[in-house]
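Here's the structure we're looking at; comments come further down.
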Amino acid sequence: MSAKTLYDKLWDAHVVRTEADGTALLYIDRHLVHEVTSPQAFEGLQLAGRPLWRRDAIVAMADHNTPTDPGFTEIADPVSRTQVETLDANARTFSLEYYRIGDARRGIVHVVGPEQGATLPGMTVVCGDSHTSTHGAFGALAFGIGTSEVEHVMATQCLVQKKSKAMLVRVDGEVGPGVTAKDIVLAIIGRIGTAGGTGYAIEFGGSAIRALSMEGRMTVCNMAIEAGARAGMIAVDDTTIEYLRGRAHAPRPEHWEQAVAWWRTLHSDVDATFDALVEIRAESIEPQVTWGTSPEMVVPISGQVPDPAVEADPVRRSGMEKALAYMGLTARLPVTAIALDRIFIGSCTNARIEDLRAAAAVVRGRKVAASVKQALVVPGSGLVKAQAEAEGLDRVFTAAGFEWREPGCSMCLAMNADRLGPGEHCASTSNRNFEGRQGAGGRTHLVSPAMAAAAAIAGHFVDVRGF
Amino acid sequence: MQAFTRHTGLVAPLDRPNVDTDAIIPKQFLKSIKRSGFGPNLFDEWRYLDVGQPGQDCATRPRNPDFVLNQPRYAGASVLLARENFGCGSSREHAVWALDDYGFRAVIAPSFADIFFNNCGKNGVLPIRLDAGVVDRLFAAVATQQGYALTIDLPAQTVTTPAGEVFGFDIDPFRKHCLVGGLDDIGLTLQHADDIRAYEARRREEAPWLFG
């Protein structure tokens, strides 16, 4: 038998049937559901008179629209409220496992799924959300889908898929102090571009990836979609298995050894071949800051805003000029000269306990700069929030002038009340710096939690390594 | 799903790379629990000078005269000409619902983001990949010729210019089959329900922890 990549193994284990043109019917093990992309799917299912194929594959919660105000009891925005109430009703109708508002486990679906052990190695995991790639950190095949496909999975437990090509992104060596998983993935996107992974499933490997915690691996896989990839994934090792031990949805004791035996096979064979290979030295990666309106528009903290005049390609040059105009920045400005109006520490990219610890370590004993209008910390889940409070991190943040919020997607996409005003610059630990993403006219700079924390204190970007 | 066979339509050029789904339909409109009515808010932040809100009457809002879809010569356009990596970002199918509701039947670009590309096919909107060089020439032609229209023939997999120049494009046979027939792919998958049950029975033996 020929050598297989991790992607080959995950794919092969889920093929129900293959058509003559190579299209496969792929079985889906886990379906995460949230309030924004599911109402039309539930409605479609009911209108067609089709039953839900497998209720126990679904874990549901509201995260995109939910308020983050401390101790909130209801959603003021009537349109948002209707959407969350629609999920409440669908969860009741279909008897779903549902973490409603008030449930201590509720939070961002991509934080809660792994936390509950609902994401396991070797699974196929889908959700009507592009950041589903996060779950690939567990050696799972995980990808985002649209609402029609959400309905398709509800009705059939399958998706019609064509296999992607396989790319290996290998990061070898050891990152320096102050350089995090976020910096690694931003550096990768800076190298291959936001369409660099289009048509590929990316496996992240190399010693710098293996050295990451599960939290760090989730950060890396989370942003595989920002490189255009169908999925991101990382091989299973002891770190993966130890993370899962004892979690609510982890295999029961009588199945644990059998599961672990299979999980240990979930890595690319040594002689497996990839369609593309990207190699990056970990030592070359500095803390990263995005300057533009696409995640590929990224530079190291020691760098400058680039000059479109030196870009040869006219389409790219014009894109850079539009980005600079939108961001209100001038070419060759040092990154450390960019002043911040708001700070956002949160999102499915960086709202896990390790992220909050890293930010709190920078903040401890310091104050948010007077020029910063608002600094938010939004934990990724109720359990992350409780853990952080048990460690006293909430008090570190509030003493410095940060607001300590309830879990949710919050200012990552500004569907709730947390958002930027026009023209405001934000140091954000989220995943997208698109125009208007965090509020109409808002200007997003993507950074790691430690870099966002340092920027909050300084009032402008600063190299966290010397801070 | 509406079928797509042949379509001739006015072309509107959107000359920027990496157009993301946040730009196609901003987040405040995703709060709707319906599939329809997104057209007036397509490209909302580029199209209007104010910040749009759900439920607002867009007819009275100030329009950005510089945005391509507000230029009279592109009124009624049904083919969108775009640049690389169109539809990147969020998986929101609302982006395709908005394009469809506005009246776009096809989008032509050198490349598309995966999820957006799939979402198009589920809604009778045809995403067509053409070489970057060909797309460059189409942008130049649209700029110089008022009323520039393209004819798209999905069964033949061709795009034909007003001058009669023909470009072929690729599409997966299954996607083509569904689009041409306007087929409900859930219904097609359910024809294989026995295969799915057989797979589940086998998996339940091999990996019982994945069930229940």
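A few remarks follow.
- Unique match (being at pLDDT 95 or above, closer than 21 Å to B:Arg35 by Cα and facing chain A (nearest Cβ under 8 Å)) among B:Val107, B:Val96: B:Val96
- One residue stands out in the stretch B:179-212 among those that are in contact (Cβ under 8 Å) with a residue 60 or more places away in the chain and either small (Gly, Ala, Ser) or facing another protein chain (nearest Cβ under 9 Å) (or both): the one that is surrounded by the most Cβ atoms within 10 Å (Cβ to Cβ), namely B:Asp185.
- Only residues that are within 9 Å of chain A (Cβ to nearest Cβ) and either assigned to a loop (DSSP other than H, G, I, E, B) or more than 11 Å from B:Gln157 (Cβ to Cβ) (or both) were counted across the stretch B:168-177, and they come to 3.
- Test: A:Gly122 is over 20 Å from A:His152 (Cα atoms) and within 9 Å of another protein chain (Cβ to nearest Cβ): yes
- A:Val377 falls short on exactly one of the conditions (1) surrounded by fewer than 20 Cβ atoms within 10 Å (Cβ to Cβ); (2) free of Cβ contacts under 8 Å to residues at least 40 places away in the same chain, and that condition is (1).
- Residue in the stretch B:47-65 that is under 12 Å from the mean Cα position of the chain (by Cα) and either at pLDDT below 95 or assigned to a loop (DSSP other than H, G, I, E, B) (or both) present: no
- Flag for A:Ala388 being within 17 Å of A:Cys348 (Cα to Cα), away from every other protein chain (no Cβ under 14 Å), not in a loop (DSSP other than H, G, I, E, B) and not aromatic (Phe, Trp, Tyr): yes
- Residues (surrounded by fewer than 16 Cβ atoms within 10 Å (Cβ to Cβ), within 10 Å of another protein chain (Cβ to nearest Cβ) and more than 12 Å from B:Asn64 (Cβ to Cβ)) located in the stretch B:34-53: B:Lys34, B:Ser36, B:Gln53
- From the options A:Gly146, A:Gly117, A:Gly136, residue that is within 24 Å of A:Leu413 (Cβ to Cβ), more than 16 Å from the chain's Cα centre (by Cα) and not hydrophobic (A, V, I, L, M, F, W, C): A:Gly146
- If only residues of the stretch A:76-92 that are of a type in the set (Val, Ile, Thr) and touching a residue at least 40 places away in the same chain (Cβ under 8 Å) are counted, the one that is farthest from the other protein chains (Cβ to nearest Cβ) is A:Val84.
- Residues being of a type in the set (D, E, K, R) and part of a strand (DSSP E or B) are represented in the stretch A:28-35 by at least one member.
- The residue that is farthest from A:Asp271 (Cα to Cα), counting only those in the stretch A:1-27 that are more than 9 Å from chain B (Cβ to nearest Cβ) and assigned to a loop (DSSP other than H, G, I, E, B), is A:Met1.
- Taken over the stretch B:119-141, the criterion of being in contact (Cβ under 8 Å) with a residue 60 or more places away in the chain and assigned to a helix (DSSP H, G or I) is satisfied by B:Leu138, B:Phe139.
One line per residue, one yes/no per condition, for (1) crowded, with 22+ Cβ neighbours inside 10 Å; (2) over 18 Å from A:Glu149 (Cβ atoms):
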| position | (1), (2) |
| --- | --- |
| A:Ser2 | no, yes |
| A:Asp29 | yes, no |
| A:His34 | yes, no |
| A:Gln46 | no, no |
| A:Asn65 | yes, yes |
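- Subset of the stretch A:429-456 (residues that are of a type in the set (Gly, Ala, Ser), within 13 Å of another protein chain (Cβ to nearest Cβ) and in contact (Cβ under 8 Å) with a residue 12 or more places away in the chain): A:Ser430, A:Gly439, A:Ala440, A:Gly441, A:Gly442
- Single unsatisfied condition, B:Thr60 versus (1) under 27 Å from B:Tyr148 (Cβ atoms); (2) away from every other protein chain (no Cβ under 11 Å); (3) out of contact with any strand residue (DSSP E or B) (no Cβ under 7 Å at 6 or more places or on another chain): (1)
The values are calculated or read from the model by the stated rules, or taken from the named source; none is laboratory data. Please read all numbers here as calculations on a predicted model, not as lab measurements. Here Cβ is always computed from backbone atoms with ideal geometry, including for glycine, and neighbour counts include all displayed protein chains.
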